[in-house]
């Protein structure tokens, strides 16, 4: 019998181990190291869910389910996130909280890196593996996965702006809850990461 509201200790330890390893990799990264931090992050986040489904049982979130409901949820959450970001850019913010407005990465390169090395692996880990781990323990998967999502960004590289990833994390987790799949959060994550490109710069 599962304990109501208990904490998935193994999943949290795995998260902390990956986050600390990525912090070290980011801190000591050099052009001469063949495995760069972003590639390492993608590999670790994609591999971790295999531990959860190692008995050959594919997770439920790989199934599309109700495609129309997924599209509706994606459009609604994309509109909410886009509007929130646009309004945020209009605020008189200190530099530590202001969105990045520096040199733009070429759009093709940005799509490749944000899609395959960021959105896909992070969503598989946070809205796939961690979401399931908290849900199976009777916890609050939307809140918990969003808190750990923001915590991971802060552990790897701390800044006030990165702490705000908690809020899009809520929308991404809501996308998982409504659609039942991981594809809506992946698409939303990619879209949200592209917003700075269209509003003045890219990270």
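Among the residues of the range 115-133, not a single one is more than 26 Å from residue 59 (Cα to Cα) and out of contact with any strand residue (DSSP E or B) (no Cβ under 6 Å at 6 or more places or on another chain). Selection within the range 108-147: residues that are touching a helix residue (DSSP H, G or I) at 6+ places or on another chain (Cβ under 7 Å), farther than 20 Å from residue 42 by Cα and touching a residue at least 24 places away in the same chain (Cβ under 8 Å). The member of this set that is surrounded by the fewest Cβ atoms within 10 Å (Cβ to Cβ) is 142. Within the range 85-107, being out of contact with any helix residue (DSSP H, G or I) (no Cβ under 7 Å at 6 or more places or on another chain), part of a helix (DSSP H, G or I), in contact (Cβ under 8 Å) with a residue 60 or more places away in the chain and closer than 23 Å to residue 158 by Cβ holds for one residue alone: 89.
Residue count for the range 150-179 satisfying the condition of being buried (at least 20 other Cβ atoms within 10 Å of the Cβ) and over 28 Å from residue 59 (Cα atoms): 0. Checking every residue in the range 180-200 against the condition of being at negative phi, buried (at least 17 other Cβ atoms within 10 Å of the Cβ) and without any contact (Cβ under 8 Å) to a residue 60 or more places away in the chain gives zero matches. In summary, helices (runs of 4 or more DSSP H) completely within the range 134-203 and bearing 3 or more residues that are modelled with pLDDT of 95 or more occur at 141-156, 166-179, 183-198.
Scanning the range 76-107 for residues that are surrounded by fewer than 12 Cβ atoms within 10 Å (Cβ to Cβ) and within 20 Å of the chain's Cα centre (by Cα) yields 79, 83. Just one residue in the set 26, 70 is at pLDDT below 90, surrounded by 13 or more Cβ atoms within 10 Å (Cβ to Cβ) and assigned to a helix (DSSP H, G or I); that residue is 26.
The values are calculated or read from the model by the stated rules, or taken from the named source; none is laboratory data. As the structure is a computational prediction, the values presented were derived from the model and not from experiment. Heads up, the Cβs are rebuilt from the backbone with ideal geometry, glycines too, and the neighbour counts pull from every protein chain shown.
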